[in-house]
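In what follows, a structure is listed as structure tokens, so that the remarks can point back to it.
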Amino acid sequence: MYRILKKEVLSDVVKLMEIEAPHVARRARAGQFVIVRIDEFGERIPLTIADYDRDRGAITLIFQELGKSTIQLGRLRTGDSIASFAGPLGHPTEIENYGTVACVGGGVGIAPIYPIARALKQAGNRVISVIGARTKELIFWEEKMRAVSDALIICTDDGSHGRKALVTEPLKELLENREMKISRVWAIGPAIMMKFVTLATRPYTVPTTVSLNTIMIDGTGMCGGCRVLLEEGSKFVCVDGPEFDGHKVDWDNLLSRLTFYRDEEKRALDLYNHKCNLDKATVAEDR
Amino acid sequence: MGELTMQERMKIKRHAMPNQDQEARRGNFSEVALGYTAEMARKEADRCLQCKDPQCIKGCPVGVMIPQFIKALREGDMVKAVEWMKVKNNLPAVCGRVCPQEVQCEGHCILGKKGEAVAIGRLERFVGDFELEHRTCPLVKAAGTGKKIAVVGSGPAGLTCSVDLARQGHHVSMFESLHGPGGVLIYGIPEFRLPKSVVHGEIGYAVDCLGIELKTDHVIGRSFTLGELLEDYDAVFLGTGAGLPSFMRIPGINLNGVMSANEFLTRVNLMKAYQFPDYDTPVRIGKKVAVIGAGNVAMDAVRCSVRLQRILAERNATAPGEAHIVYRRSSGEIPARMEEYHHAREEGVIFDLLTNPVEILGDEKRAVKGLRCIRMELGEPDKSGRRQPVPVEGSEFVMDVDTVIMALGTNPNPIVFVDAEGLDRTRQGTAVADAATGRTMKKRVWAGGDVVTGAATVISAMGAGKRAAADINAFLKGENTWD
């Protein structure tokens, strides 16, 4: 069992948890992920590592409550435990001094872009970060991102914080600005955002690394459920990634594969909400 | 009743295994083979001729003392039967269920030359199940040696190696990347063939008796590397199996509805997706399933498909659909155990033999809608000695399917070989290791099971784990050196 050392509510639907897992923290690096299973009945879900503390043997996860498992995880509290925690999985980000780089984080993707931006900054890069979300409440770690960036641009879809824009707009301006000399881009966020970031960078032929979060079970190359179609053929996100050259990804294939279990996900969520409501009703009755 | 004569023994007919009803079992995941009753076991044991030079033992990869345990069994001394069994085999309840006995012990039985072999596997299971229930033969750990061994992987090879080394008094840490131990016994082999309770029972008992340290969620190559293990342990055994699935190189493999058998079986077995939504992991099964391949894994996948289809149909009051095996050779070349093939046929699986897929077809939503295949005929024998299937020109046709499961064999997972300089591998990705001792090209590292041989059987992996344990023990006690 792995204890939850700390929990922060970053927004209604975005939670931070620091989890005690020395066997993962000891070798964890930016860009890697873990597989989490809440309890005996739980599914194995991949979550990207947002931060790690080797001394305390702790891993920080930030996740958005989207389906049954993440909502259930989000309801746990400091001191609670989860059943399984495996990792660090996948390849770490290749950190070098590339010159000037752009780090784009969308929604909960701000979490995994942070350790990458930090590592790039430490390696001597000039880091321009762009973070965005639907609305102000979904933006988090603004100060942490600012601390590791030479410039930070914030956007929201509704204009409630920072620029009213999609992340691709300021990114295009940065690419357009010759003096900036952006030599590389990292983008992490919803698949559809990453697709549009790669479309935006393609005309400028700026290498663009994306971190994919596909359906997977074991996370070690065993099931192949995570396979993604690249120009050169099929690859496994868990062992060949999770980072890939975004210009080579067949995004439409990826987007369609992400929807495969949508009906089942909805069913599990409806059932979970129904049970939770029943629990509430029973508690109310007892009173 | 006095001792039977040899003629009398030879007159006794082999006892059939009581099975769950063919029709009923299509709709559940309960065990198919129900096991002998005590009376059946005793009578079957009476068939053994107690050969002076028993051939059966030679057919067993771990050399189970077969005549001895059968003799004790027919004399009614179950405790003794268990003791004989456990001299060589720590997992009889598992082996009795999943070994291909017809080509091993029973394949060598003298009775099989003219008639039917003694049902050794069924007797082994009977003894194993007795031990699971009564625990008359506790595993004993010798005095501590102070030596530490890291066993990577908790499947048949790793488990066997761990148990044998722990009995010798060594401290064993067993690393497992998944959340529970057992490897392929847990994620691969379905409940109806090998109940999880049997596997958990056997592993839990061994771990408790011998103080084996079990480290789940540890992915060697990621959480720790082989190099790091060698700093902390006196010896390392790699029993990481062959977990990497192969996909056919045909168009359409990334369509929705195409899965590896590994994914499908892991969802169903390890994650218990057949109990979704009580368990969180779902599995999608269509009305028309094509499983490609005809090995044991393919049989497991297609028989799981039959059950899921039936369960869904009963829930939704619809017709259950069809499950096919698509195989490019003929029935004579089917690599699965005969019993699995027969059970699959009994359960209504359709066999499309001499048929090879060339393309998976998708609809506008990128979901599978068909499988384009070509008919094959058998030509000259190939390297494996089997007649090679050759495409029949102009025979292409489309099978109407909505789910495709690839069961084409697996390769060793390369993750474990991170930071493993000097550990040679073949072009197929298997570790190079001495067959007799399990020694790899890297000092203090042994390997055995599917990671060395490529996908094979549970018992051959156990045999490799056993041989490596003997050599590791001799090495650690200074009875032999590495060079």
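Specify the inter-centroid distance of segment B:304-380 and segment B:215-230, based on alpha-carbon positions, in whole Å.
39
Placing +1 at every Lys and Arg Cβ and -1 at every Asp and Glu Cβ, with all other atoms neutral, what dipole size does segment A:2-89 have around its Cα centre, in debye to the nearest 20?
Roughly 200 debye, rounded to the nearest 20.
Using unit Cβ charges (K, R positive; D, E negative) and no other charged atoms, how large, in debye to the nearest 20, is the dipole of the protein assembly as shown about its Cα centre?
It comes to approximately 580 debye.
Which Cα, out of A:Thr78, B:Gly239, B:Val62, lies furthest along the positive dipole direction of the protein assembly as shown (beta carbon charges, K/R +1, D/E -1)?
Of the listed residues, the answer is B:Val62.
What length, rounded to one decimal in nm, is gained on full extension from B:Lys148 through to B:Glu396, with 0.36 nm per residue of separation minus their alpha-carbon distance?
Gain on extension, B:Lys148 to B:Glu396, equals 83.4 nm.
Any idea what the relative contact order of chain B is, in percent, if you count C-alpha pairs under 8 Å spaced at least 6 apart?
16
Taking every pair of alpha-carbon atoms in segment B:247-408, what share in percent sits in each 5 Å bin, from 0 to the bin with the longest distance?
Going from the shortest bin to the longest, the percentages are 2, 9, 17, 21, 21, 16, 8, 4, 2, 1, 0.
Would you mind giving the mean number of other chain beta-carbons within 10 Å of the Cβ of each residue in A:37-44, as a whole number?
5
Kirkwood hydrodynamic radius of segment B:291-366 from all distinct Cα pairs, in Å?
For segment B:291-366, inverting the mean 1/r across all distinct Cα pairs yields 13.3 Å.
If you restrict to DSSP beta bridges whose two residues both lie in segment A:100-255, what percentage is antiparallel, to the nearest 5?
Approximately 25 percent, going by the DSSP bridge assignments.
In whole Å, what is the distance between the alpha-carbon centres of segment B:428-470 and segment A:146-193?
52
Return one whole number: the accessible area per residue of the protein assembly as shown in Å², for a 1.4 Å probe.
Per-residue accessible area for the protein assembly as shown comes out at 41 Å².
Output needed: percent of Cα pairs per 10 Å distance bin for segment A:100-255, bins running from 0 to the one holding the longest distance.
12, 40, 34, 13, 1
Students sometimes get this wrong: rank B:Glu8, A:Glu243, A:Glu176 by accessible area, probe 1.4 Å, all chains present, largest first.
A:Glu176, B:Glu8, A:Glu243
Report the Stokes-Einstein translational diffusion coefficient (µm² s⁻¹, integer) for segment A:196-287, Rh taken as the Kirkwood radius over Cα pairs, at 37 °C with viscosity 0.692 mPa s.
207
To the nearest 20 Debye, how big is the dipole of segment B:110-186 about its Cα centre, given +1 on the beta carbon of each Lys and Arg and -1 on that of each Asp and Glu?
260
Provide Rg over Rh for segment B:6-134; use the alpha carbon set for both Rg and the Kirkwood Rh (inverse mean inverse pair distance).
Using Cα coordinates only, the ratio equals 0.96.
Counting protein heavy atoms only and a 1.4 angstrom probe, how many square angstrom of accessible surface do chains A and B bury in total, to the nearest 100?
So the buried area, both faces added, is about 4100 Å².
Take peptide A:223-230, look around each residue's Cβ out to 10 angstrom, count Cβ atoms belonging to other protein chains, and average those counts.
So the per-residue partner count for this stretch is 6.
Test of understanding: what is the full-extension gain from A:Leu278 to A:Arg26, defined as 0.36 nm times their sequence separation minus their Cα-Cα distance?
Result for the pair: 86.5 nm of gain on full extension.
Can you list the residues in segment B:229-254 whose accessible area drops by at least 10 Å² when all protein chains are present, compared with the chain alone? Use a 1.4 Å probe, heavy atoms only.
SASA drop of 10 Å² or more in segment B:229-254: B:Gly243, B:Leu244, B:Pro245, B:Phe247, B:Ile253, B:Asn254.
Once a ≥ b ≥ c are taken as the square roots of the eigenvalues of the Cα gyration tensor of segment B:324-391, is the result rounded (a/c under 1.5), prolate (a/b larger than b/c) or oblate (a/b not larger than b/c)?
oblate
Quickly estimate the mean residue ellipticity at 222 nm for chain A, helices only: each DSSP H run with n ≥ 4 gives -39500 (n - 2.57), and the total goes over all residues, rounded to 500.
Taken over chain A, the calculation gives -9000 deg cm²/dmol.
Given the options A:Ile192, A:Ser160, A:Tyr272, identify the residue whose Cα lies farthest towards the positive end of the charge dipole of segment A:157-275 (+1 on Cβ of Lys, Arg; -1 on Cβ of Asp, Glu).
A:Ser160
Counting pairwise Cα distances across segment B:215-327, what percent come out greater than 24 angstrom?
Of all Cα-Cα pairs in segment B:215-327, 41 percent lie more than 24 Å apart.
Ignoring ligands, DNA and RNA, what percent of the accessible area of segment B:98-206 is carbon or sulfur (1.4 Å)?
Ligands and nucleic acids excluded, carbon and sulfur reach 56 percent.
Enter the mean projected area of the convex hull around the alpha-carbon atoms of chain A, in nm², rounded to one decimal.
The orientation-averaged projected area of the Cα hull of chain A comes to 15.9 nm².
Highest mean first, what order results for A:105-117, B:336-348 on Cβ atoms within 10 Å?
By packing density, highest mean first, the sequence is A:105-117, B:336-348.
Would you mind computing, in nm to one decimal, how far apart the modelled labels at B:Leu378 and A:Arg54 are, each placed 7 Å from Cα along Cα→Cβ?
6.0
On a C-alpha basis, how far is the centre of segment A:106-131 from the centre of segment B:156-185 in Å? Whole number, if you could?
Result: 41 Å between the Cα centres.
Can you send over the carbon and sulfur percentage of the accessible area for segment B:333-453, probe radius 1.4 Å, protein chains only?
It is 47 percent, rounded to a whole number.
Bins of 10 Å, beginning at zero and ending with the bin holding the largest distance: percent of Cα pairs per bin for segment B:38-101, please.
All Cα pairs considered, the percentages come to 22, 57, 22.
Principal axis extents for chain B, Cα atoms only, whole Å, descending order, please.
In descending order, the Cα extents are 67, 63, 51 Å.
What FRET efficiency comes out for the pair A:Thr259/B:Thr481, r = Cβ-Cβ distance, R0 = 60 Å, nearest 0.05?
0.50
Hey, rough spin-label estimate for B:Arg387 and B:Leu312, points 7 angstrom out along Cα→Cβ, what's it come to in nanometres?
Inter-label distance under the simple model: 3.7 nm.
With the contact rule set at Cα under 8 Å and sequence spacing of 6 or more, what percent relative contact order holds for segment A:2-89?
40
Under a crude label model (7 Å from the Cα following the beta-carbon direction), how far is A:Met180 from A:Glu143 in nanometres?
2.7
Would you kindly find the accessible area of A:Leu66, with a 1.4 Å probe and non-protein molecules such as ligands, DNA and RNA excluded, rounding to the nearest 10 Å²?
We get 130 Å² for A:Leu66.
Take peptide B:259-272, look around each residue's Cβ out to 10 angstrom, count Cβ atoms belonging to other protein chains, and average those counts.
Average per residue, whole number: 4.
What does DSSP give for the protein assembly as shown in terms of the percent of beta bridges that are antiparallel, rounded to the nearest 5?
50
On the protein heavy atoms, probe 1.4 angstrom, tell me the percent of accessible surface of segment A:2-89 carried by carbon and sulfur.
That share works out to 43 percent.
I'd like the residues of segment A:258-272 whose 1.4 Å-probe accessible area shrinks by no less than 30 Å² going from the isolated chain to the full set of protein chains.
Relative to the lone chain, where solvent access is computed with a 1.4 Å probe, segment A:258-272 loses at least 30 Å² at A:Phe260, A:Tyr261, A:Glu264, A:Arg267, A:Leu271.
Comparing the chain by itself with all protein chains present, which residues of segment A:13-28 are at least 40 Å² less accessible (probe 1.4 Å)?
The answer is A:His23, A:Arg26, A:Arg27 - residues whose exposure falls by at least 40 Å² when every protein chain is included.
So for the protein assembly as shown, taking the charge dipole from beta-carbon charges (+1 Lys/Arg, -1 Asp/Glu), which of B:Met299, B:Gln20, B:Ala157 sits furthest toward the positive end?
B:Ala157
Return the FRET efficiency for the residue pair A:Ser81, B:Glu75: r is the Cβ-Cβ distance, R0 is 30 Å, and the value is rounded to the nearest 0.05.
0.05
Counting only DSSP beta bridges with both residues in segment B:247-408, what percent are antiparallel, rounded to the nearest 5?
In segment B:247-408, DSSP labels about 45 percent of beta bridges as antiparallel.
So how much accessible area does B:Thr136 have, in Å² to the nearest 10, using a 1.4 Å probe?
50
Can you pull the Kirkwood radius for the protein assembly as shown, inverse mean 1/r over Cα pairs, to one decimal in Å?
Every distinct Cα pair counted, the radius reaches 28.2 Å.
The values are calculated or read from the model by the stated rules, or taken from the named source; none is laboratory data. Small disclaimer: the values here were computed from a predicted structure and weren't measured. FYI the Cβ positions are ideal-geometry reconstructions off the backbone, even for glycines, and counts take in every protein chain you see. Heavy atoms of the whole protein, side chains included, go into the accessibility calculation; ligands, DNA and RNA do not. Shrake-Rupley method; radii C 1.70, N 1.55, O 1.52, S 1.80 Å.
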